[in-house]
Amino acid sequence: MKFKLLTLLAALALSGAAIAQQQGVSKTEITVGTIQDLSGPLAGYGKAVRNGMMLRIDEVNEQGGVNGRKLKLITEDSGYDPKRAVLAAQKLVNQDKIFIMAGHIGTAQNNAAMPVQFEKKVVNFFPVTAAREMYEPLSKFKYALFATYFDQMRASVATLVKEKKISKVCTIYQDDEFGLEVVRGAEASLKTISLDFVEKTSYKRGATDFSSQVARMKGAGCEMVVLGTIIRETVGTIAEARKTGFNPIFIGSSAAYTDLIHKLGGKAMDGMYATMTVPHPYLDEASNPIRFWANKYKTKFNEDPTVFSVYGYVILDSFIQAAQKTGPNLTSDSFIATMDKITLPADIFGSPEGSFTPTKHLGSNKSRLSQIQDGKWKIISEYYKLD
């Protein structure tokens, strides 16, 4: 009996030591880190992602937290600069001692910051970028939720080319890993119908003048333009094209799927296509659960939610589901073990189901096509199925 008691006490001590040694987890709290653009070209996205995350954290904390632990969110600003993202990651990982990095925005920024995290076994959880590097090559510390830019474009471009009987396709893209992923996906799609770009032109991150790029594409007689662009580059490119009488079909990725496009660009943006994974929550068209959620969001932040608010909310909700299933002994290893067998159900916003295995760290490769019609995004396809 005495031996059994000693064994039990030793096991409890080891369990307690494991929790004590786990960075970012205490008896009462789980520390979550995120890096957003709060001051750079994607500040409109970054603030909305952060707000969506904060809303979900407030909800779960009001309900007692996750297995008795409250969540604490620490946000750092990268300004959409990979060097600043590294400094932010170093602070969050080494100084704030976060348990997990959730919803970090930007492809180049994530690629720069991940090595800092992985040294301390900090999982990169559902970053706000759809680049393949967010889950490839396979790593126990990398999990992505939504269809990649590559798969989005691979699924949609050839379909639209055939439907519109297009023969000349061009692209303008941001000269970094984000823009290149959009281009690669479109090239893979065009290859299936024996086409290639007749003109490729790029710009540096932060550029504001796209007149020379538009002139090149117009000169090549492009009938469709694939946009490896985000907010102001999308608006700037299309506005310049319309001004010069150049009116091809424009198609972008989920990075350009935002209400900011039609709000900033006005009527000139009508007709633009973009791939997407989660619909924008227009309140006059929303279901009752989304309207209820949106009213909570507006009450807290005094602004309407966007699709990026939804991303932040869904990312934190997914983390909460996985952490809850992991149980009270929350460590990096136990969390990873849960993630490697979890299925996240479709949510109120219309996101597809996400499932993971030890060799599959992308939740879903499904995307749909949307178009701006009369100043609003309208979904115009079912989810594309990819091999």
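Of the peptides 47-57, 341-351, how do they stack up when ordered by the mean number of other Cβ atoms within 10 Å, highest first?
Top of the packing list down: 47-57, 341-351.
Overall, the accessible surface of the chain at a probe of 1.4 angstrom is composed of carbon and sulfur to the extent of 54 percent.
Averaged over residues, the count of other Cβ atoms within 10 Å places the peptides 186-199, 301-314 in the sequence 301-314, 186-199, highest first.
Between ILE348 and ASP175, full extension at 0.36 nm per residue minus the direct alpha carbon distance yields a gain of 58.7 nm. Summarising the amide proton neighbourhood of PHE250: residues at separation of 5 or more, or on other chains, whose placed amide H is nearer than 5 Å comprise VAL225, TYR273.
Taking 0.36 nm per residue of separation and subtracting the current Cα-Cα distance, fully stretching the chain between ASN61 and LEU283 would add 77.3 nm. Return the whole-Å distance between the Cα centroid of the range 103-153 and the Cα centroid of the range 322-387. The distance from the Cα centre of the range 103-153 to that of the range 322-387 comes to 14 Å.
Per residue, the accessible area of the range 265-360 comes to 41 Å², computed with a 1.4 Å probe over protein heavy atoms only. Screening the chain for DSSP H helices whose Cα atoms reach 15 Å or more along their own axis and whose mean Kyte hydropathy is at least -1.0 gives 2-21, 43-62, 107-119, 149-164, 177-191, 232-243, 307-326. Protection proxy ranking of 168-181, 327-340, by the mean of other Cβ atoms within 10 Å over each peptide's residues and highest first, is 168-181, 327-340. So the label point goes 7 Å from the Cα of SER202 along Cα→C-beta, right? Which residues of the range 73-110 then have their backbone N under 18 Å from it? Once the point is set 7 Å along Cα→Cβ of SER202, 81-83, 107-110 turn out to lie under 18 Å by backbone N, inside the range 73-110.
Extension gain, ASN94 to LYS376: 0.36 nm times the residue separation minus the Cα-Cα distance gives 97.2 nm.
Considering only DSSP beta bridges where both residues belong to the chain, give the percentage that are antiparallel (nearest 5).
DSSP beta bridges in the chain are roughly 30 percent antiparallel.
Selection among ALA155, ALA286, PRO82 by position relative to the dipole of the chain gives PRO82 as farthest towards the positive end (Cβ unit charges, Cα centre). Summarising the label geometry, the points placed 7 Å from Cα in the beta-carbon direction at ARG291 and LYS243 lie 4.1 nm from one another. Each residue of the range 123-135 is assigned a 3J(HN,Hα), and the resulting list reads 5, 8, 9, 6, x, 8, 6, 10, 7, 5, 5, 6, 9 Hz, derived from the Karplus form 6.51 cos²θ - 1.76 cosθ + 1.60 (θ = phi - 60°), x at Gly and Pro.
Label sites at ALA188 and GLU119, each approximated as a point 7 angstrom past Cα along Cα to Cβ, lie 3.3 nm apart.
The values are calculated or read from the model by the stated rules, or taken from the named source; none is laboratory data. Just so it is clear, the structure is predicted and the values come from calculations on it, not from any experiment. All Cβ positions, glycine included, derive from the backbone under ideal geometry; neighbour counts span all protein chains shown. Side chains included, ligands, DNA and RNA excluded: accessible areas come from the protein's heavy atoms. Shrake-Rupley method; radii C 1.70, N 1.55, O 1.52, S 1.80 Å.
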